[in-house]
Amino acid sequence: MTAPLRIAVPSKGRLAAATTQLLRDAGIAVPGDDRRLLVPVEEQNMEILLARTDDIPTLIRDGAADIGVAGGNQLLEHGSAGIELLTELGFGACRLVLAVPNASSITTKEQLAGARIATSHPNVLANYLDANGIVASIVTLSGSIELAPTIGAADAICDLVSTGETLRQNSLRAIGEVLRSQAVLLARIQATPDPRIAVLQTAVESVLAARPKRYLMLNAPDVALEAIIALLPGLDAPTILPLARSDMHAVHAVVDAADLPRLLHPLKEAGASGLLVLPIEHLIP
Ligand code: AMP
């Protein structure tokens, strides 16, 4: 039998819960509350490797895992050579920004020349400074980056931000953006790719595509059928099915969940009845 497909999943932290949910929605029986760090999913010939998110790109590149989830920023920081970014996952959005104390005279990235910049992303920052022709010194720290200016360890920071609240609380202001990041699905580049990786990728992508969509079903009197169809958005034509009674048809369509509040009333006014809205688990456009 082939070796189990090993999937690296963040064990804790910001990406952990959303990753576990996504894999479960994709049909992978990720175990809950298991203290083991390598958990077999025997019925699917898989193994879940619970790891620190930061280590996941390295584990994949070195062959310790076949596929996994990490932040796009972590992929860039640890080097993307040998790793394929399969899919952006739409959660864990954040920005890597340059920030200085509110009281600092620095307002532009160019003024960082000669400054000491604290970061846990020294490689990404070095590339950014190079690309912008800025010569500055990088102070590598693994945590509490926001404190570095207060304690005199740096003049500026380069750190991850989502809402900006931590910056505000630490009297810091952003002066530039180095990159935007979100959670990504990664796999090792292989001469002969394991076909199970494409299978998993399609399952994950079909869940992501389905999440913002709903399946709308309704019954339309034939006299109103055209008007009702005209109200439905989307590129694909809706499915029209005959009903047992001769003067009505059923209409089925995939719609954006966000469109539903403004769609339901006009559909009802146009004569639709028996309206049902259902969640969709998988969608392949
Ligand atoms: P963890 O170390 O497990 O908390 O995961 C950190 C990763 O979560 C980061 O590398 C980012 O990819 C992502 N992330 C999303 N939002 C934030 C944020 N506001 N601060 C830090 N990391 C974030």
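Brief remarks follow.
- Viscosity 0.692 mPa s, temperature 37 °C, Stokes-Einstein D of the chain from Kirkwood C-alpha radius, µm²/s: 147
- Heavy-atom accessible surface of HIS265, to the nearest 10 Å², is about 110 Å², with a 1.4 Å probe and all protein chains retained.
- The three principal axes of the Cα atoms in the stretch 1-139 give end-to-end lengths of 61, 29, 24 Å, sorted in falling order.
- Highest-MSF residue in the chain out of ILE240, ILE175, ILE117 [GNM, Cα springs under 10 Å]: ILE240
- Residue among LEU264, LEU76, LEU243 with the largest mean-square fluctuation in a Gaussian network model of the chain, springs linking Cα atoms under 10 Å: LEU243
- A dipole drawn for the stretch 153-220 from +1 and -1 charges on Cβ atoms has a positive end, and of VAL178, ALA198, ILE157 the residue lying farthest that way is ALA198.
- Distance cut-off 21 Å, percentage of C-alpha pairs in the stretch 94-180 lying past it: 16
- Two-decimal ratio, the stretch 213-279, of alpha-carbon radius of gyration to 2.2 N^0.38 Å: 1.00
- Choice from ARG262, ARG180, ARG188 showing the highest fluctuation, given a GNM over the chain with Cα pairs closer than 10 Å: ARG262
- Electrostatic dipole magnitude of the stretch 94-180 [Cβ: Lys, Arg +1; Asp, Glu -1; Cα centre; debye, to 20]: 100
- Charge sum, other residues only, whose C-beta stays under 15 Å from PRO4's C-beta, Lys/Arg counted +1 and Asp/Glu -1: -2
- Charging the Cβ of each Asp and Glu at -1 and of each Lys and Arg at +1, and nothing else, the dipole of the stretch 213-279 about its Cα centre rounds to 220 debye.
- Over the residues of the chain, the helix contribution to mean residue ellipticity at 222 nm works out to -7000 deg cm²/dmol, using -39500 (n - 2.57) for each DSSP H run of at least 4.
- Counting every alpha-carbon pair across the stretch 50-130, the share separated by more than 15 Å comes to 63%.
- Counting protein heavy atoms only, the chain has 54 percent of its accessible area on carbon and sulfur, 1.4 angstrom probe.
- One decimal place: the segment LYS268-LEU283 gains 2.7 nm when fully extended, by the rule 0.36 nm per residue minus the C-alpha distance.
- Between GLN21 and ILE138, the simple label model (points 7 Å from Cα in the Cβ direction) yields a spacing of 3.4 nm.
- Counting only aspartates and glutamates at least 8 places from LYS213 when in the same chain, those with an alpha carbon closer than 17 Å to its own are ASP25, GLU205, ASP236, ASP256, ASP259, GLU281.
- Here the chain is assigned +1 on the Cβ of each Lys and Arg and -1 on the Cβ of each Asp and Glu. Its dipole about the Cα centre then comes out at about 500 debye.
- Accessible area per residue for the chain, computed on protein heavy atoms with a 1.4 Å probe, is 53 Å².
- Positive-pole candidate from ASN102, GLY82, GLY92, dipole of the chain, charges at beta carbon: ASN102
- With Cα atoms as the point set, the stretch 1-83 shows a radius of gyration and Dmax of 12.3, 36 Å.
- Between THR202 and THR107, the FRET efficiency from the beta-carbon distance, with R0 = 51 Å, is close to 0.60.
- Scattering profile of the stretch 165-240 at q = 0.16, 0.17, 0.18 Å⁻¹ [log10 I(q)/I(0), Debye over alpha-carbon scatterers]: -0.84, -0.87, -0.90
- For LEU276 and ALA237, the difference between the fully extended length at 0.36 nm per residue and the C-alpha to C-alpha distance is 12.2 nm.
- For the stretch 144-284, the Cα-based Rg and Dmax, in that order, read 25.1, 81 Å.
- Estimated FRET transfer efficiency when R0 is 30 angstrom, pair ALA131-GLN190 (beta carbons, to 0.05): 0.45
- Net lengthening on full extension, SER162/ASP256 (0.36 nm per residue, minus Cα-Cα): 31.2 nm
The values are calculated or read from the model by the stated rules, or taken from the named source; none is laboratory data. As the structure is a computational prediction, the values presented were derived from the model and not from experiment. Here Cβ is always computed from backbone atoms with ideal geometry, including for glycine, and neighbour counts include all displayed protein chains. Just the protein is used for accessible areas: all its heavy atoms, side chains included, with ligands, DNA and RNA removed. Shrake-Rupley method; radii C 1.70, N 1.55, O 1.52, S 1.80 Å.
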